[in-house]
Amino acid sequence: MENKDYNEMVFEDISSSSPSSVKKAVKQTEEAVKAAAYVAKKAADEYGEKGLKNIEKVIKIISYVVSIAFFLLFLAIAAVVYFMDHSLIFLSALILVFGGVISLIFLYLIYGLGEIIAQNKEILRRLK
């Protein structure tokens with residue numbers, strides 16, 4: 001024997017039959033949820049403002065650190081090549097020049113990113 005009524009769904013309108021106290025509680029809950037969402041959004045915005053307040057300065061400092069680190073790495077490689085054989089002084093000088101160029105490129109690119117962020121923040125500040 002097969003029951004074909006199990007797939008049938010019955011919907012009942014309970015809004016018209018609910019007591020007013022239940023409707024009032026639902027409305028208060030909705031207002032509390034909206035207030036909590038507003039407070040959470042405000043707290044998240046403040047956290048984002050404080051966390052990223054000086055990000056452009058941090059990025060600019062990182063650019064100098066990365067540039068100096070790469071130049072020191074190439075300086076060490078050039079020194080090792082020179083001390084292995086003094087006749088490779090030209091190769092050592094080329095490695096040193098190449099390292100300087102690479103470190104300046106990194107400095108320019110990363111510092112430029114920090115400068116773009118600083119200008120963007122200034123534009124946003126002036127638009128407010």
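No lab work stands behind these numbers, since they all come straight from the coordinates. What you see is a predicted model; the values in this text were computed from it and never measured. Please note: Cβ atoms are built from the backbone with ideal geometry, for glycine as well, and neighbour counts cover all protein chains shown.
Using every Cα-Cα pair within the range 71-128, state what percent have a distance larger than 12 Å.
Looking at the range 71-128, the distances longer than 12 Å represent 70 percent of pairs.
Could you sort 55-67, 116-128 so that the peptide with the highest average Cβ count within 10 Å comes first and the rest follow in order?
55-67, 116-128
Using a 10 Å cut-off on Cβ atoms, rank the peptides 91-103, 34-46 from the highest mean neighbour count down. All intermediate terms of the calculation are to be shown ahead of the outcome.
Working: 91-103: 15.6, 34-46: 10.0.
Per-residue Cβ counts within 10 Å, averaged per peptide and sorted highest first, yield 91-103, 34-46.
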